[in-house]
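The values are calculated or read from the model by the stated rules, or taken from the named source; none is laboratory data. Everything numeric in this text was worked out from a predicted model, so none of it was measured. Cβ sites come from the backbone with ideal geometry, for glycine too, and all protein chains shown count toward neighbours. Side chains included, ligands, DNA and RNA excluded: accessible areas come from the protein's heavy atoms. Shrake-Rupley method; radii C 1.70, N 1.55, O 1.52, S 1.80 Å.
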Amino acid sequence: MKNLKYIIYSLMSLFVLATGCKEDDATFGDIIAPTNLVFTIDIVGQDINNPFGDGSGIVNFTATADNALSYNIQFGNSPQNTTAVSPTGAFTNQYTSNGVNTYTVVVSAVGTGGVTTLASADIEVLSDFTDPDAILFLTGGPGASKTWYPKLDQDGHLGVGPTLEQDLGDDGALNGHWFPQYDSTGPFGKCGNGDSDCFCNFNLTFSQSLDEQVTFTQNNNGFTFFNWAHGAVVGQTFGEFSDTCWEFDTSGVSEVTLAPSSTDWTQVADPNYPAPRGTVMNLTNDGFMGYYTGASTYEILQIDESFLYVRFQDAINPVLVWYQMFTTTEPGEEFSTIFNNLTWSDEFDTNGAPDSNNWTYDLGAGGWGNQEVQTYTNNAENVIVEDGFLKITAKENGGGYTSARLKSEGLFNLTYGRVEVRAKLPASIGTWPAIWMLGADYQTNTWPGCGEIDIMEQKGQDKNRVLATVHHPAVSPGAGDSADTILTTSTTEFHNYTVEWRTGEIIFLVDDTIYHTVTNTSDLPFNSEFFLILNIAMGGTLGGDIDPAFTEDTMEIDYVRVYQ
């Protein structure tokens, strides 16, 4: 090991120098400046054949000075420019940028009254760290790509805990800086809630080119789950501890470089804790892995062909570290129906008016209890079966609006079962499409006493989400017992909207993925007959303002099937 020694005589602050104090007696009242600062730099593995070190990137620093109470150092590893404080003047840093890089290191000896004496030096250090197995697991190898999803079915797939320093600072004991000690998300814990559901709807892709360059992209489907303290990134102030989904552009490509971990894993109280891999990923262009905390550096704790577990530091509150788990299998809460016998359906295979054995109509205007502005008709321009689809069309009509509302009342009722409707929704602002059921006794047991099960509704002002709701006297009038889920292709692609109505629970799904579950009990109105309703409303409490340029738009339905 070769030593580089820098001897820097006292460089006083401007104020002290201006008093004319001499180097060997640099005092002003209680202020005593350190003198004879000696700064020694040892680049590990440096010799004649390895002038920049052995590739580990590890450098040891020692500072000594007369009259010094402590020492500060800036390691010059931009952009982090990591700093440290030592009462002895001994420091170690591991530089992780691959290749030979020059760093400007600044050390300061601190004397009484806070006066400092500075020294600086440029060093050249080699880091040739690599982890080929991690790259292979991440990407699939040269010329390949691999997509990763949040491992939503795993307890702790998102969590937070302290750094080592904070762990010790909490009560002086090692309680758990190696796992999400403070908070841990249970299986599917962020799903089915509009404030957090976007966390259940993103994916990451790692690719490796033939020349072995590794890149990263994120598809967030338009929305990112933000840690509450980072709302300023999107010009918002989120409520304290109220993490929120917000529209955010994650397009673009990040380069990925690997570096050795600098985390101190020697102080882990759990003897069964698996040793972390020791590899860190750095993402350029402010890349991040799904949950926004301002981090672009992720330590890989575990990785194999189908599982990735990372740890990363909060950029605003660096005493916190976050944990995320990923899988190569697109997650979905496993759903197994108890209803398998097809008892009623309409496949819409015959062109013309809808089958009168299955459907009748609600007709007229009057707001329908929700300040809606359309008039319902059974005219072919508003409702028709064509090319294998039921088409319900809302139209502008002389300053007003017409639409259609089909129902199975008096023709088909059900109590319990699975209702599945495959549909593509209208895209126009102000349209309010709905697939729902109403208690058959509504004329004598007025709403909400009769109960209402909304299999799918979509707000007129948000065409990137769908929602499911139940209404009953305990929650309505009002918002009902509701949840929504992000579905950015709801107006461009067909999706399956399903309710599984059981004696003990009512389960709502999109494309066989559960996003809302309601407990059903004997004192709720969901234990008697209901009928089906399909409609597009215009405006009203959920439709909102209608696009002034609106002319017409259609909800297309491929089929309606009931299993019992």
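Please state the equivalent ellipsoid semi-axes for the range 314-370: what are the square roots of 5 times the Cα gyration tensor eigenvalues, largest first, in whole Å?
Working: eigenvalues 485, 123, 29 Å².
Rounded to whole Å, the semi-axes are 49, 25, 12.
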Given a Förster radius of 30 Å and the C-beta distance between D462 and V233 as r, what FRET efficiency does 1/(1 + (r/R0)^6) yield to the nearest 0.05? 0.90
Want the number for T40 to V319: 0.36 nm per residue separation, take away the alpha-carbon distance, what's left? 97.4 nm
Treating the Cα atoms of the range 195-293 as identical point scatterers in vacuum, please give the log10 of the normalised Debye intensity I(q)/I(0) at q = 0.12, 0.22 Å⁻¹, two decimals. -0.55, -1.06
As an exercise, use a Förster radius of 51 Å and the Cβ-Cβ distance of N272 and D122 to find the FRET efficiency, rounded to the nearest 0.05. 0.70
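Taking the Cα centre of the range 281-404 as origin, work out the dipole magnitude from +1 charges on Lys and Arg Cβ and -1 charges on Asp and Glu Cβ, in debye rounded to 20.
Values: 3 positive and 18 negative charges, 85 e Å.
In debye, rounded to 20, the range 281-404 gives about 400.
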Could you tell me how far the Cα centroid of the range 96-134 sits from the Cα centroid of the range 294-321, in Å? 24 Å
Cubic angstrom per residue, convex hull over Cα atoms of the range 325-433: 204 Å³
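Using alpha-carbon pairs under 8 Å, 6+ residues apart, how would you state the relative contact order of the range 327-436 in percent?
Values: 131 pairs, mean separation 26.8, N = 110.
Computed value for the range 327-436: 24 percent relative contact order.
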Label point distance in nm, T205-N378, each placed 7 Å from Cα along Cα→Cβ: 5.0 nm
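Suppose a student asked you for the relative contact order of the range 265-412, using Cα pairs under 8 Å spaced at least 6 residues apart; what percent would you report?
Values: 224 pairs, mean separation 21.1, N = 148.
That works out to 14 percent.
Relative contact order of the range 424-564, please, whole-number percent, based on alpha carbon pairs below 8 angstrom and at least 6 residues apart. Show your work: numbers first, answer last.
Numbers: 298 pairs, mean separation 45.3, N = 141.
RCO, the range 424-564: 32 percent.
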Cα convex hull of the chain: how many Å³ per residue? 216 Å³
Any idea how far apart S70 and D30 come out in nm if each label point goes 7 Å out from Cα toward Cβ? 1.6 nm
At 222 nm, what value in deg cm²/dmol follows for the chain if DSSP H runs of at least 4 each add -39500 (n - 2.57) and the sum is divided by all its residues, to the nearest 500? -1000 deg cm²/dmol
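Just to be sure I follow the definition: excluding the sites themselves, where is the longest run in the chain that has none of the GluC sites (Glu not before Pro) in a DSSP loop with at most 16 other Cβ atoms within 10 Å?
On the way: sites that count: E212, E240, E305, E334, E347, E381, E493, E529.
The longest uninterrupted stretch comes out as 1-211.
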With the other protein chains left in place, how much accessible area per residue, in square angstrom, belongs to the range 68-182 at a 1.4 angstrom probe? 44 Å²
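Quantify, in whole percent, the carbon and sulfur part of the accessible surface of the chain (1.4 Å probe; protein heavy atoms only). Could you put the intermediate results ahead of the total?
Numbers: 11820 of 25020 Å².
Carbon and sulfur: 47 percent of the exposed surface of the chain.
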Environment charge of V560, counting only residues whose C-beta is closer than 12 Å and scoring Lys/Arg +1, Asp/Glu -1: -1
Per residue, how many Å² of accessible area does the range 222-371 show with a 1.4 Å probe? 51 Å²
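Which FRET efficiency value, to the nearest 0.05, is calculated for N341 and E505 with the Förster distance at 25 angstrom and r the Cβ-Cβ distance? Kindly include the intermediate steps, with their values, before the conclusion.
On the way: r = 20 Å, r/R0 = 0.79.
Approximately 0.80, to the nearest 0.05.
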